[in-house]
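Novice: Submitted below is the structure of interest, expressed as structure tokens.
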Amino acid sequence: MRVPIVAGNWKMNNTISESLTLISEIKEQNLNENVETVVAVPYTSLSEVKKVLEGTNIKLAAQNMHWEDKGAFTGEVSPLMLKEIGVDYCIIGHSERRKYFNEIDETVNKKIESALNNNIKPIVCVGETLEERESGREEEIVGRQILKGLQDIDKKSVKDIIIAYEPIWAIGTGKTASSNDANKMCSFIRKTIADKYGEEIKESIRIQYGGSVKPNNIRELMNKDNIDGALVGGASLRAEDFIKIVNY
Ligand code: PGA
């Protein structure tokens, strides 16, 4: 049985004080204990939010990291820095990083490997553009992102990876992929993983859907057999909505 996982991606929102307000509101509510809940907060808020999460089941994620432990990489944050804070997960290869910061499959691969070496579980984002979908190339694109992203990652490590399928045209647009289309792609991802790692990993790997997930569409998505959770952007910034999503 795969444990459902819902992660809130706050993106570049919330100062430290705003983060503390939001996390306190989330923490006060009864969250479904059968769902693993994660908050991916800005770097500046990680330490403070971590303190508030002590004693709860809510997990902490960073939104990106460099692959090297240290060095002359001005402005970057290393896995060792995240590890000392006690970060559980790190989002890797989000489409906004690919689009605005030139993230490519090769760097995604290095980051995944480095995160795993540092006991940080990667939430690896993949997804196609509207143009790619309209030209019928969505599986080719996502398949390539998966295989290049997971290149040289062994079977023992891959079990700690979460894949987030986020069609780019559905992110922040209010357009959700239909639950059938989302499930179809998640099933394709599971098959791609199965071909590389075998049946056991196929059954255990968790795949999230992301892209305009809201309280009113989460249940339908979660009812699909290949969707194990959600990566939630906009709706994770309001405690009330995020809680409704976790408690779908
Ligand atoms: P959205 O963002 O829920 O605002 O569409 C999802 C994401 O980018 O992770």
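The values are calculated or read from the model by the stated rules, or taken from the named source; none is laboratory data. The model shown is predicted, which means the values in this text are computed figures rather than measured ones. Heads up, the Cβs are rebuilt from the backbone with ideal geometry, glycines too, and the neighbour counts pull from every protein chain shown. Accessible surface is based on the protein model in full, side chains and every heavy atom, while ligands, DNA and RNA are left aside. Shrake-Rupley method; radii C 1.70, N 1.55, O 1.52, S 1.80 Å.
Novice: Quick check on this structure: which one of 166, 203 is among the charged types (D, E, K, R) and farther than 18 Å from residue 11 by Cα?
Specialist: Going through 166, 203 in turn, the sole match is 203.
Novice: For the range 168-186: of the residues being of a type outside the set (A, V, I, L, M) and either touching a strand residue (DSSP E or B) at 6+ places or on another chain (Cβ under 9 Å) or in contact (Cβ under 8 Å) with a residue 60 or more places away in the chain (or both), which is nearest to the ligand (Cβ to nearest atom)?
Specialist: Residue satisfying both the conditions and the ranking: 172.
Novice: So, one more: Residue 116 - would you say it is within 15 Å of residue 61 (Cβ to Cβ), without any contact (Cβ under 8 Å) to a residue 60 or more places away in the chain and open to solvent by 20 Å² or more (accessible area, probe 1.4 Å)?
Specialist: Spelling it out, residue 116 is indeed within 15 Å of residue 61 (Cβ to Cβ), without any contact (Cβ under 8 Å) to a residue 60 or more places away in the chain and open to solvent by 20 Å² or more (accessible area, probe 1.4 Å).
Novice: Give 214, 202, 191, 244 a once-over and let me know the one that is of a type in the set (D, E, K, R) and within 12 Å of the ligand (Cβ to nearest atom).
Specialist: Step by step, each of 214, 202, 191, 244 is checked, and only 214 is of a type in the set (D, E, K, R) and within 12 Å of the ligand (Cβ to nearest atom).
Novice: Would you check if residue 99 is within 16 Å of the ligand (Cβ to nearest atom) and open to solvent by 40 Å² or more (accessible area, probe 1.4 Å)?
Specialist: Answer is yes for this residue.
Novice: Does any residue of the range 22-41 turn out to be among the polar types (S, T, N, Q), part of a helix (DSSP H, G or I) and open to solvent by less than 30 Å² (accessible area, probe 1.4 Å)?
Specialist: Checking the range 22-41: not a single residue is among the polar types (S, T, N, Q), part of a helix (DSSP H, G or I) and open to solvent by less than 30 Å² (accessible area, probe 1.4 Å).
Novice: Return yes when residue 16 is closer than 21 Å to residue 237 by Cα and either under 16 Å from the mean Cα position of the chain (by Cα) or surrounded by fewer than 17 Cβ atoms within 10 Å (Cβ to Cβ) (or both) and no when it is not.
Specialist: For residue 16, the condition - closer than 21 Å to residue 237 by Cα and either under 16 Å from the mean Cα position of the chain (by Cα) or surrounded by fewer than 17 Cβ atoms within 10 Å (Cβ to Cβ) (or both) - is met.
Novice: So, in the range 42-72, exactly how many residues are in contact (Cβ under 8 Å) with a residue 24 or more places away in the chain, loosely packed, with under 14 Cβ neighbours inside 10 Å and part of a helix (DSSP H, G or I)?
Specialist: 1
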